[in-house]
Amino acid sequence: MDTEGTGGERESPARRRGQGELEAQVLSVLGEATEPVTAAWVLERLGSGLSYSTVITILTRLHAKQAVTRTGPKRPVLWQPVANEAGLAALRMRRLLDKQSDRDAVLAGFVSVLSADDEELLRSLLAESGPASGPGDPASGPGAAPTDRPED
């Protein structure tokens, strides 16, 4: 017998976002801005029934991941992206790699599962970066501004 008055039907649970999906949405919205913006601006453009505190939480997490910057203690706090969605994915990949004790094995495993096209792209990107770019070079980091490259 149904004691809750739902007629025996269960409501379907709200769809749960995948890991990083909301962060990607926030970064996408921030990427549309032409200048630093407030969390309220981001919330308004997300338009997905989120609370202001949820947006602040996501922005704070993105800030901890160095994917966004924020103004100092003055109000209102303004936010802007440092990395786009691809840059955020690259940051995640780098953090995962940094947690591993056998970097060679992890990188070898990664390369072994790439498609031929992705492997060729990776070779091309490595060749373009040259020996001067490396982990300590900010110009080579995720979300870095693209360099001027001649058209192919």
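The values are calculated or read from the model by the stated rules, or taken from the named source; none is laboratory data. Keep in mind it's a predicted model, so treat the numbers as computed, not measured. Note that each Cβ is placed from the backbone with ideal geometry, even for glycine, and that neighbours are counted across all protein chains shown. We work out accessible area using only protein heavy atoms, side chains counted, and drop any ligands, DNA or RNA first. Shrake-Rupley method; radii C 1.70, N 1.55, O 1.52, S 1.80 Å.
Solvent-accessible area of Leu50, all protein chains in place: 40 Å² (probe radius 1.4 Å, heavy atoms, ligands and nucleic acids excluded). Ligands, DNA and RNA excluded, the heavy atoms of Arg45 present near 100 Å² of accessible surface to a 1.4 Å solvent probe. Dividing the Cα radius of gyration of segment 86-128 by its Kirkwood radius returns 0.99 for Rg/Rh. The listed residues Lys99, Lys65 rank as Lys99, Lys65 when sorted by accessible area, largest first, using a 1.4 Å probe. Hydrodynamic radius of segment 18-116 by the Kirkwood approach over all distinct alpha-carbon pairs: 14.9 Å. Modelled spin-label separation between Leu126 and Thr71, with each label point placed 7 Å from Cα along the Cα-to-Cβ direction: 4.4 nm.
Taking all protein chains together and rolling a 1.4 Å probe, Ser28 ends up with roughly 50 Å² accessible.
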